Amino acid sequence: MHRSGRGTALSALLDGLVDYAGLFPPAALPMAEAVARHATYARGSDRALLGRFVLPTARLDECAAAVDALPPALAPTGGAPWRLSVLAAVDDAPTLAVFDARERRRLVIDTVETRADAVAAMTDIAAALDGYTTYVEIPVREDPAPLVAALGAHGLRAKVRTGGVTADAFPSPAEVLRFLDACVRGGVPFKATAGLHHPLRGEYALTYAADAPRGTMYGFLNIFLAAAFLEAGLAPNQVAPLLEERDASAIVVRPESIGWRTHLLSGDAIARTRARLAGSFGSCSFEEPVQDLTSLRLR
């Protein structure tokens, strides 16, 4: 990957891209450690990449207690509260409301994440979680277009699982492309989760165990640049090779643009895609994405 300067196109792509999910596998950190790490990242030199702190509804009070235990220099303040993304079910809405009213000066429920695999479920989700920006994880093994359309009709957003701790948790490139294309065509914002610790596609360990199996993972640059090129008008068959791109030299970053092989995106186009379509991705590691970006001379 070639970089010529650190400018607006790169910031447009990366700012707020990583929702920190250190509580979840394969990291599965204790709450106190995950909260302390998030606090450190929020004050660190790469803080622009950091998005939300991801946690389940059942651990909201535990999170607040861990924040109480932080040193004052690391604690969130009323002027800069942490943004939370909370995994919730439809009947969790009262719990979310109570927590938000109590903690919003330092911990704000910015987004909610839930699941559904049927069009009919979207009505209940939209009604129960009204007032929250809600991402709904949907299956992508079959054509997700009807589910994406239902999300759009109810003002909901889509979430795709792009991996996991076993090889069979990773959807195929064709399935990911079909999901992205449905979101672009429907104007439905999305986020991704799982298996996106690295910028580019490649073979990586699936967990942090010493004897962990290895598998082919997507890169977050592959996913989010593919979405941006689709929204810019490239046909899915033109974008398909980008989801499998492993060659860092094929991506050229300049202050005003990011190019992939013979195609080019302006910084403004990337910013529009991030603002209205491609939200973020959840990762149980913040350090791995940052370190890999550094190794590619992007940070």
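Over the range 2-295, what is the percentage of antiparallel beta bridges among all DSSP beta bridges, to the nearest 5? Provide the component values of the computation, followed by the final result.
Values: 13 of 45 bridges.
Around 30 percent of the beta bridges assigned by DSSP in the range 2-295 are antiparallel ones.
Treating the beta-carbon of each Lys and Arg as +1 and of each Asp and Glu as -1, no other charges, what is the dipole magnitude of the chain about its Cα centre, to the nearest 20 debye?
Values: 30 positive and 33 negative charges, 191 e Å.
So the magnitude is around 920 debye.
Using label points projected 7 Å from each Cα along Cα→Cβ, tell me how many nm separate ALA97 and THR216, to one decimal.
Going by the 7 Å Cα→Cβ label model, 4.8 nm.
Provide, for q = 0.20 Å⁻¹, the log10 of I(q)/I(0) from a solvent-free Debye sum over equal Cα point scatterers in the range 193-299.
-1.13
Given the alpha-carbon gyration tensor of the range 48-107, what are the semi-axes of its equivalent ellipsoid in whole angstrom, ordered largest first, with each equal to the square root of 5 times an eigenvalue? Walk me through the numbers before you get to the answer.
On the way: eigenvalues 82, 33, 23 Å².
For the range 48-107, the semi-axes come out at 20, 13, 11 Å.
Give me the distance in nm between label points sitting 7 Å out from Cα along the Cα-to-Cβ direction at ASP117 and ALA75, one decimal.
So the two model labels end up 4.4 nm from each other.
In vacuo Debye scattering of the chain, one point per C-alpha: log10 I(q)/I(0) at q = 0.06, 0.07, 0.15 Å⁻¹?
-0.18, -0.25, -1.23
Based solely on its DSSP helices, what 222 nm [θ] is calculated for the chain when runs of n ≥ 4 H residues each add -39,500 (n - 2.57) and the sum is averaged over all residues, nearest 500 deg cm²/dmol? Write down the numbers at each step before the final one.
On the way: 11 runs with 110 residues, N = 299.
About -11000 deg cm²/dmol.
By how many nm would the segment from GLU142 to THR294 grow when fully extended, if each residue of separation counts as 0.36 nm and the alpha-carbon distance is taken off? Let's see the in-between values first.
Values: separation 152, 0.36 × 152 = 54.72 nm, distance 3.66 nm.
Full extension of this stretch gives 51.1 nm more.
Whose amide H sits under 5 Å from the amide H of LEU29, counting only residues 5 or more places off or on another chain, with H placed in the peptide plane?
LEU23, PHE24
Quickly rank 181-194, 100-113 as a protection proxy: mean count of other C-beta atoms within 10 Å, highest first. Display every interim value, and only then the final one.
Working: 181-194: 21.6, 100-113: 17.4.
Output ranking for 181-194, 100-113: 181-194, 100-113.
Among LEU293, GLY22, ALA205, which residue has its Cα furthest toward the positive end of the charge dipole of the chain, with +1 on Lys/Arg Cβ and -1 on Asp/Glu Cβ?
Selected residue: LEU293.
Send over the per residue convex hull volume for the range 50-170, Cα only, as a whole number of Å³.
Values: hull volume 15.4 nm³, N = 121.
Value for the range 50-170: 127 Å³ per residue.
Taking Cα pairs under 8 Å and at least six residues apart, what relative contact order does the chain come out at, in percent?
Working: 574 pairs, mean separation 72.2, N = 299.
Relative contact order here is 24 percent.
Provide the FRET efficiency to the nearest 0.05 for the ALA58-THR262 pair, computing r from the beta carbons and using R0 = 51 Å. Please list the in-between numbers first.
Details: r = 49 Å, r/R0 = 0.96.
My answer for the efficiency is 0.55.
If contacts are Cα pairs under 8 angstrom and at least 6 residues apart, what is the relative contact order of the range 149-204 in percent? Please report the intermediate quantities before stating the final value.
Values: 54 pairs, mean separation 25.6, N = 56.
Relative contact order for the range 149-204 comes out at 46 percent.
As a test, work out the antiparallel percent of DSSP beta bridges whose residues both lie in the range 15-117, rounded to the nearest 5.
Taking every DSSP beta bridge within the range 15-117, about 10 percent pair in antiparallel fashion.
All of the numbers you see were taken from the coordinates with simple rules; none came from a lab. Keep in mind the model is a prediction, meaning the values are calculated, not measured. Note that we place each Cβ from the backbone using ideal geometry, even for glycine, and neighbour counts take in every protein chain shown.
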